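A short reminder: the numbers here are calculations on the coordinates, not readings from a lab. Keep in mind the model is a prediction, meaning the values are calculated, not measured. Don't worry about glycine lacking a Cβ; one is built from the backbone with ideal geometry, like all the others, and counts go over all protein chains shown.
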Amino acid sequence: MEEKKDMFLKSSDDFRKHGHEFIDWLANYYKNIEKYPVKSQVKPGEIKKKLPLNPPQKGEGIDSIFKDFEKIIMPGITHWQHPSFFAYFNANSSYPSLLAEMLTAGLGVNSMLWETSPAATELEERVMVWLRDMIGLPKDFKGVIQDTASTSTLCALICAREKATGLRINEKGFQAHQKLRVYVSDQGHSSIEKAAKIAGYGRENIVVIPSNGEFRMKPESLANALREDIGRQLTPACVVATVGTTSSTAIDPLEPIAEICSNFRTWLHVDAAHAGTAAILPEMRHILKGAERAYSLVFNPHKWLMTNFDCSAYFVRDAEFLQNTFSIQPEYLKTKADREVINYRDWGIQLGRRFRALKLWFVIRHYGVEGLQNIVRDHIKWAGDFAKWVDESKEFERLAPVTMNLVCFRLNPSKGKSRDDEAKLEELNKKLMDELNASGKIYLTHTKLKGKYSLRLCIGQTNTEFGHVQDAWRLLKEFAS
Ligand SMILES: Cc1ncc(COP(=O)(O)O)c(C=O)c1O
């Protein structure tokens, strides 16, 4: 048993000692990260078995907890910051982000009100203006940082609900109201369905609009659906358009969709959770053309903008309406400054809020817009290279257009020769993916595109270099043969 002095970490000297050790450990982790298997190789329940059922009655020193962190926890970690992490969409980090996050944790600030840390609120205001300008949204958009795109989209659906009912559901509840409808393409993210359920629309009031051969929402089908619903006395409340769908980074045609929403006076929310980052490139700005007419838009710096999880940028055109929807004024939260300042507690669901603006500030200042653009531009270029290798190969085929940094493809030994046996191809590609992931060398995931089982390779990790993409292609061919 250690001496009591060491057990409870109270003195700043002890904290300093352990802090230095932790930083050393993290520096070595990043230096050696390629030695770890990208995807954790443990079986379900394996970690839990090593954890005691009951909490300890007596405290213990940091050293012994840290030993268990290395022994028990680390094997169950999937290394999202590994440069050969090509799965899902990234949740990438970076040194400036990580260092700032340490300060955030150290300060332990709750930035619910301006008064509870003026710098947190004012920095958030400023970095959201920076971000807005970086992706080319018009100046009338105002931003707030939420935890995730799921929360941002939920805020949008709640605001749309209140817009459609003149703030009545907030007052009266849903019971007395007509059916409100939400429209989303068959490629929309599951967070939209979840938000529709939580916000009280009900799953059966989600209208799924078909996508075309490029997985983009068909605007004419959207217009028909809206027209039909109005004819049936249903109330269109919100259209969610996706820029960068999860399966294939397809881009819904925002301009005609915005026109339809304007004609039908329906809230347009743009889900650009992953792809919004690409719009920091002037040559990619076109993906958000039409978003200037949306009521709200979300994009996640915590996915592809080198800012560690969580950090979701939610932009709205009418910040007053957002506040009218969410504002609650209990006596104990009133402050003298309320008339002059922003209190972000009124801009979303949570009262208590983390100080997330700090890491965004560090990231944007450290890389500069140009530095960030260079990283993102490389990722997009390498995805194009990878797609070309797939197209030129005799046994792999591409299954969707490459709009940015994601390639959807599969192994198909009889490419172009005979009719595809979908069940067999699915089995083959599942096996290929499982074996590759079990090797620990790379990590990729899959989706289904119009019934076809597809592998997904997303290039968006901060530390990925072209060599890692070449290695991934070499491994794919090696494992396939
Ligand atoms: C298009 C899209 N929207 C929303 C989300 C949900 O993001 P979050 O995890 O921040 O809620 C994702 C996640 O990958 C996504 O791809």
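Residues in region 294-302 carry Karplus couplings, in order, of 6, 7, 8, 8, 10, 8, 9, x, 6 Hz; the curve used is 6.51 cos²θ - 1.76 cosθ + 1.60 with θ = phi - 60°, and Gly or Pro positions show x.
Label zone (Val369, point 7 Å along Cα-to-C-beta; backbone nitrogen cut-off 11 Å) within region 115-154: 130-137. Extending 7 Å from the Cα toward the beta-carbon at both Lys381 and Asp63 defines two label points whose distance is 5.0 nm. When you restrict to C-alpha pairs under 8 Å that are six or more residues apart and normalise by the size of the chain, the relative contact order lands at 21 percent.
Classify region 256-373 as rounded, prolate or oblate, taking a ≥ b ≥ c as the square roots of the eigenvalues of its Cα gyration tensor: rounded when a/c is under 1.5, otherwise prolate if a/b is larger than b/c and oblate if not. Walk me through the numbers on the way to the answer.
Values: a/c = 2.54, a/b = 1.18, b/c = 2.15.
Taking the square roots of the gyration eigenvalues as a ≥ b ≥ c, region 256-373 is oblate.
Phi angles of region 56-73 translate, via the Karplus equation with coefficients 6.51, -1.76, 1.60 and θ = phi - 60°, into HN-Hα couplings of x, 6, 10, x, 9, x, 4, 4, 6, 5, 5, 4, 5, 4, 5, 7, 9, 7 Hz per residue; Gly and Pro are given as x. Normalising the average separation of contacting C-alpha pairs (under 8 angstrom, six or more residues apart) by the number of residues puts the relative contact order of region 99-190 at 12 percent. With neighbour counts taken as other beta-carbon atoms within 10 Å, the residues Tyr30, Tyr201 rank, fewest first, as Tyr30, Tyr201.
Of the listed pairs Lys17/Lys303; Lys417/Lys477; Lys303/Lys450; Lys31/Lys67; Lys10/Lys303, which have alpha-carbon separations greater than 28 Å here? Walk me through the intermediate numbers first.
Values: Lys17/Lys303 33 Å; Lys417/Lys477 19 Å; Lys303/Lys450 26 Å; Lys31/Lys67 20 Å; Lys10/Lys303 36 Å.
Lys17/Lys303; Lys10/Lys303, as the Cα separations exceed 28 Å there.
Along the axis of the charge dipole computed for region 368-481 (Cβ charges of +1 for Lys and Arg, -1 for Asp and Glu, origin at the Cα centre), the listed residues Asn412, Leu432, Leu444 are led at the positive end by Asn412.
Annotation for region 428-481: trypsin sites (Lys or Arg not before Pro) lying in DSSP loop with at most 16 further Cβ atoms inside 10 Å of their Cβ are Lys450.
Distance between the 7 Å Cα→Cβ label points at Lys10 and Phe22: 2.0 nm.
Region 87-134 and region 403-439 have their alpha-carbon centroids 40 Å apart.
Decide, for the chain, between rounded, prolate and oblate: order the square roots of the alpha carbon gyration tensor eigenvalues as a ≥ b ≥ c, take rounded if a/c falls under 1.5, and otherwise choose prolate if a/b is larger than b/c, else oblate. The partial results should precede the final answer.
Working: a/c = 1.72, a/b = 1.04, b/c = 1.65.
Since a/c reaches 1.5 but b/c is at least a/b, the shape of the chain is classed as oblate.
The overall shape of region 15-99 is oblate: from the C-alpha gyration tensor, with semi-axes ordered a ≥ b ≥ c, the ratio a/c is 1.5 or greater and a/b is no larger than b/c.
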